[in-house]
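Visitor: A single structure is presented below for examination.
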Amino acid sequence: MGLRGLLSRLATRRVHVLVAEAPAAHEVRRALEQEVCRRGWVLAGAAADADLLAVVGSPGRRLGEVVERVWDQLPDPRVRLQVGHVDQVAGALDAARAELADTSRQRDAARDRPSGPQPGETDHGEMDHGEMDHGDMAPSGIPLAEGAQDRDGLEMDVLHLPLGPVLRHWPAGLVLHLTLHGDLVGQARVERLDEGPRPPSETGPDRMLDAAASVLDLAGRRQLADRARELRDPARIAAFRRRVLADRVLLWGLGGAGSEVVLRLDALLGAAAGELDQTDPRSGAVTDARLAGLVRGRDLGEVRLLVATLVPWLEGDREAADA
Amino acid sequence: MSPDLWADLAFWACGVVAVLAGAAVFYVDSMARATYALALSFVAVGVVLLLLGQAYLGAVVVLMMVMEMAVMAVYMVMFMGMNPALMPMSMVHSHRAAIGAGVGAFLLLGAGALLVPWPERRGAPDPDVTAALGEATMGSHMLVMVAISPVMVATIVAGVVLSLHRGRYDRGDRP
Amino acid sequence: MPDRIRSALLVPVAETARLLRQRPRRTVEADLLLWRIASSGLLPLAVLMLVLVPWGDRALVSDPVGVVWFNALDVFAWALVWLLGWGANAVYGLVGGYRFLALALGYELPLMFALIAPAVAAESLDLGVIAAAQSGLWYVVWMPVAFLAYCLGVLGMSVRAPLDAAAGADLAGGVLAELSGVDRLLVQAGRYALLVAGAAVAVPLFLGGGAGPLLPGWLWVVLKAGALAWALAAVGSRLPTLRPDRVLQPAWVVLLPLVLLQDLVVAAVVVWG
C-alpha cells in the first residue's frame, strides 16, 4: 500500500456523519447513532463538517428537496446513504466507508462538481431572502438586511433563519422559521414538511432518555449524554435523575433551577424512571402554535434546548396517543 | 545590515501601512472590512510607537484599538442595515469636501512635522521611558487621574445598568 | 499498546489526514479575505504568545512590557473569532461571533485585572522578572483568585468549554459551522495552540517560572505548561457550555470585584509587607 492508500485509510478512520431524519424513523436514527459512536466515528453538527450524509427513513417530496440542498453543501470527498431499517445500518456504513476511501472514484466525482457554491443553494445556515431582487444592492440575490424593532424597541438588523429539518437533536420534519436580532428570537413560525397523519406520541423510557440526552448534548455535556443513552434499569435512571438535578453548574448553565428547560428535563428523566404522574403538567404536549409563542424573545440556544425537551411530543401526535 | 537600518525600514513600512489602511476605510465596500482596515491602521501606529522606544504605549494602543474595533464592528453591522455579504456600498459622505479636508489636514500636519526646527537631543533618555512619559504628561495630577479612572468605569457600568430596565437577556420576568 | 490507547492516540492523526484530504467548501458571497485571515490567524497568534515566555533563564524575546503584549495579543482573539463567524456569511457563524464578543466582555476584564496582580507583586511587567520574583513562594499560592480569572480567560480565548458557546452544539458549531478542509484544520490547531500558549504564559506569571528541583529550567516550564493545559481541558470537559446570558452577570458582579480585591491585597502586601 502506498502513501496515498495510507492517507485515505487514516482519513476515513473517523467518518463524520450528518443525519437527515424523516418522520417516524427515530428507531433507525437511534440505531445509526449508536453504531456511529460504537465505531468511534463522529456525529456532525453541520454539512461542512460531514463526510457522509445518512438519510434515515423515507423522506417525502419537500424533505427530499432539502436533503438534496444539504448534499450540495457537503465538501468533497463525500458519500450519502439511505437506510430504512435497523438491520441495514451496519452494512450501509461499511459500504459508505469503502466508497469514501476510494480516492480515484472520489476525485472523479469531485471533478464533475462545479467549484464554489451556487447562488440559490442557500440552506438553513444562510440568509435566505430568495425571491426579492434589489439589483446591484443584492449580490447573488441576497439583498441588504432589513431592520426591525427588537424586544427593547431598538432598530436592529434582522436575520432569517429556518431551524431544521436537517439538524441534530431536532424533531423530524419540523421547520421553525425565525427572525433573529443577533442571538435573540423575534418572530417565529412553525412549518411541517410533507404534513401527513403523524404516529401517536411515544412516551416510552427510551424516547424520554433520548430526548434528555439531546438536551445534555446541546448543553455541552457529551459524556453525561452518552451515559443517559446507555441507561435501562428504572432504579438507575432514577439515580441518574437525582445526579443531574444535583449538578448545580449544569442547571445554572441550562437557565437556572426553576427555568422551563430544567423543569422539562427533569420531567423527561422522571417519566423515563416511571416516577412521574401521567397527568404532570410538565410532561410535554405543546401544539405548534404554542411552540411559536414559547420561543419568541428567547436566546437561540435556549430555543434549541427547549425544542429538544419537546421532541417526543412534537414528532408524534399527542391526541392520537391519548385516544 | 545593521539593526538600526532594520528598525528604520520597519518604521517606514508601518507608516505606509497605517496610511494605506486608513485610506482603505473609505475605499472598501463593507462595514466589517472598513472597521478592520481601521484596526490594522491603528496596529501599525502601535508598532510605530514601539519602534520609537515607547514599548508600553505601543502595546496599549494595539490592545485598546483592536478591542474597540471588534466591538465597533458589531455596532456598525447591527445598526447600519448590512448583510454579511460584500455589499457595493459607499463609505463616503460629502465626497469632495471630505477629500479636500483630508488632504489639507495631511499636508498641514506633514509640513509641520518636516518644517518645524526640532531641538537637538540633550542628555540621555530615562531608563524607564514609560514612567518618564507619565511624569511628563501628568506631573502632579497623576494621583487625581488614578483616582478618577475607577470612578469613571463605575459610572459607565452603573449608567448602563440604570438605563436598561430589563437587560439584554431576560431575568425571569417572563409572563 | 492496548487498542483503546492506540486509537485515542490516532484520533488527532486521523482528523488531520481527514481534513487535509477534504476539499474546502465555500459559502455564497463569503467574505473570503477576512475569513482566511481569521482561520489562518489563530496559530500565529499562539506562536507570538509563546515567544514571550521565558524558557528557564531567558525568553526568545525579552520584553520589558511582556505582560501588556500578552494582553494585546489575547485581544486579537476577539477580532479573529468574530471574523471567523462573519466571513462565512451564514447565520450560525454570525451568531457565534456575537456570542464570542459577549463572552469576551465577560472574561477579558477579570483577566486584565488578574494580570495586574503578579505585575504589582514583582514591580515589573517583564515576564522574566516576574518569574524570578517567585523564588520564595509561587504567586498561585497567594493569588488564587487572579489565577482562576486568568485560567477562565485562557479557556475563553481558545473557545473551550465552558466558554465555548461561540462554537456550541446548539449553533451547529457556530463560528466553526461552515469551515471545512485545511481551513478547519488551521482553526482547530489554533484553538489548541492558544490553550497551550495561555498555559505557558501562566508559568512565569503564577507557577514560579522554571523553578524546580533536578531538571533544567526549560523542562520545568514545559512540564508545568503541559500539566496546566491538560488540567484546563479536563476541567472544561466536565462543565456545561455557558451562554453569554448566563456568564456576563456573575463575571462582572462577582468575579470582577473579587479580582479587584485580590489586586488590593497584593498592593497592600507590596507596600506594607
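Bear in mind these aren't lab numbers, they're just calculated from the coordinates by the rules spelled out. These numbers come from a predicted model, not from an experiment. Every residue, glycine as well, gets a Cβ built from its backbone with ideal geometry; the counts of neighbours run over all protein chains shown.
Visitor: To make sure I understand, if each residue's beta carbon is the centre and we count other beta carbons within 10 Å, what order do C:VAL95, A:VAL185 fall in, fewest to most? Intermediate results must be reported in sequence, preceding the final value.
Guide: Working: C:VAL95 28, A:VAL185 22.
Lowest count first: A:VAL185, C:VAL95.
Visitor: Mind listing the long-range amide H neighbours of A:ARG221? Cut-off is under 5 Å, sequence gap 5 or more, other chains count too, H placed in the peptide plane at 1.01 Å from N.
Guide: The answer is C:THR241.
Visitor: Mind giving me the FRET efficiency for A:ALA289 and A:GLN34? R0 is 35 Å, r the Cβ-Cβ distance, nearest 0.05 is fine. Walk me through the intermediate numbers first.
Guide: Numbers: r = 35 Å, r/R0 = 0.99.
My answer for the efficiency is 0.50.
Visitor: Let me confirm one metric for peptide B:14-23, namely the mean number of other chain beta-carbon atoms within 10 Å of its residues' beta-carbons.
Guide: Details: counts 0, 0, 0, 0, 0, 0, 0, 0, 0, 0.
So the per-residue partner count for this stretch is 0.
Visitor: Give the share of C-alpha pairs in each 10 angstrom bin for the protein assembly as shown, from 0 to the last occupied bin, in whole percents, shortest bins first.
Guide: The distribution over the protein assembly as shown is 2, 12, 22, 24, 20, 12, 5, 2, 0, 0, given as percents.
Visitor: Enter the mean number of other protein chain beta carbons within 10 Å of the beta carbon of each residue in B:53-66, as an integer.
Guide: 5
Visitor: So which GluC sites (Glu not before Pro) in segment A:154-200 pass both tests, a DSSP loop state and at most 11 other Cβ atoms within 10 Å of the Cβ? Don't jump to the answer; show the numbers that get you there.
Guide: Numbers: sites: A:GLU155, A:GLU191, A:GLU195; in loops: A:GLU195.
Passing sites in segment A:154-200 are A:GLU195.
Visitor: Between B:VAL103 and C:SER237, what FRET efficiency comes out of the Förster formula 1/(1 + (r/R0)^6) with R0 = 60 Å and r the beta carbon distance, rounded to 0.05?
Guide: On the way: r = 57 Å, r/R0 = 0.95.
Plugging the Cβ-Cβ distance into 1/(1 + (r/R0)^6) gives 0.60.
Visitor: Got a sec? Which residues in segment A:51-88 would a label at A:ALA98 touch, if it sits 7 Å along Cα→Cβ and we count backbone N under 14 Å?
Guide: It comes to no residues whatsoever.
Visitor: If you don't mind, another one. Set the Förster distance to 45 Å, then compute FRET efficiency between C:TRP142 and A:ARG296 from the Cβ-Cβ distance, nearest 0.05.
Guide: 0.35
Visitor: Segment A:205-322: Rg/Rh from Cα coordinates, Kirkwood Rh?
Guide: Details: Rg = 13.5 Å, Rh = 14.3 Å.
Over the Cα atoms of segment A:205-322, Rg/Rh equals 0.94.
Visitor: Other chains' Cβ within 10 Å of C:98-105 residues: what's the mean? It would help to have the intermediate numbers written out before the result.
Guide: Details: counts 8, 5, 1, 5, 5, 0, 3, 2.
Average per residue, whole number: 4.
Visitor: Arrange the following residues from fewest to most other Cβ atoms within 10 Å of their Cβ: B:ILE99, C:ILE130, C:ILE5.
Guide: Working: B:ILE99 12, C:ILE130 23, C:ILE5 9.
The fewest-first ordering by Cβ neighbours comes to C:ILE5, B:ILE99, C:ILE130.
Visitor: Could you give the length gained on full extension between B:LEU114 and B:LEU20, defined as 0.36 nm per residue of separation minus the Cα-Cα distance, in nm? Please report the intermediate quantities before stating the final value.
Guide: Values: separation 94, 0.36 × 94 = 33.84 nm, distance 2.02 nm.
Gain on extension, B:LEU114 to B:LEU20, equals 31.8 nm.
Visitor: Same structure, new question: At C:TRP218 and A:ARG61, where each label point lies 7 Å from the Cα along Cα→Cβ, what is the point-to-point distance in nanometres?
Guide: 7.0
Visitor: Would you list A:SER58, C:SER158 from fewest to most Cβ contacts within 10 Å?
Guide: On the way: A:SER58 13, C:SER158 28.
Final ranking by Cβ density, sparse to dense: A:SER58, C:SER158.
Visitor: So, one more: Based on the alpha-carbon gyration tensor of segment A:164-264 and its eigenvalue square roots a ≥ b ≥ c, which shape applies: rounded if a/c is under 1.5, prolate if not and a/b is larger than b/c, or oblate? Intermediate results must be reported in sequence, preceding the final value.
Guide: Numbers: a/c = 2.40, a/b = 1.33, b/c = 1.80.
Cα axes put segment A:164-264 in the oblate bin.
Visitor: Each label point is 7 Å from the Cα along the Cα-to-Cβ direction; what then is the distance between the points at A:LEU3 and B:SER149, in nm?
Guide: Modelled inter-label distance: 5.5 nm.
Visitor: May I pose another question? Dividing the alpha-carbon Rg of segment C:12-272 by 2.2 N^0.38 Å yields what? Display every interim value, and only then the final one.
Guide: Details: Rg = 18.6 Å, N = 261, 2.2 N^0.38 = 18.2 Å.
My calculation over the Cα atoms of segment C:12-272 gives 1.02.
Visitor: Another question about this same structure. Pop out the Kirkwood hydrodynamic radius of segment A:3-111 from its pairwise C-alpha distances, inverse of mean 1/r, in Å to one decimal. The partial results should precede the final answer.
Guide: Details: mean 1/r = 0.0710 Å⁻¹.
Its Kirkwood hydrodynamic radius stands at 14.1 Å.
Visitor: Find the eigenvalues of the gyration tensor of the Cα atoms of segment C:155-273, then list the square roots of 5 times those eigenvalues as equivalent ellipsoid semi-axes, largest first, in whole angstrom.
Guide: For segment C:155-273, the ellipsoid semi-axes come out as 30, 24, 10 Å.
Visitor: Evaluate 2.2 N^0.38 Å with N set to the residue count of segment B:1-82, then give the Cα radius of gyration divided by it. Don't jump to the answer; show the numbers that get you there.
Guide: On the way: Rg = 14.5 Å, N = 82, 2.2 N^0.38 = 11.7 Å.
The value comes to 1.24.
Visitor: Computed from the mean reciprocal separation of all distinct C-alpha pairs, what Kirkwood hydrodynamic radius does segment C:1-49 have, in Å? Let's see the in-between values first.
Guide: Working: mean 1/r = 0.0726 Å⁻¹.
For segment C:1-49, inverting the mean 1/r across all distinct Cα pairs yields 13.8 Å.
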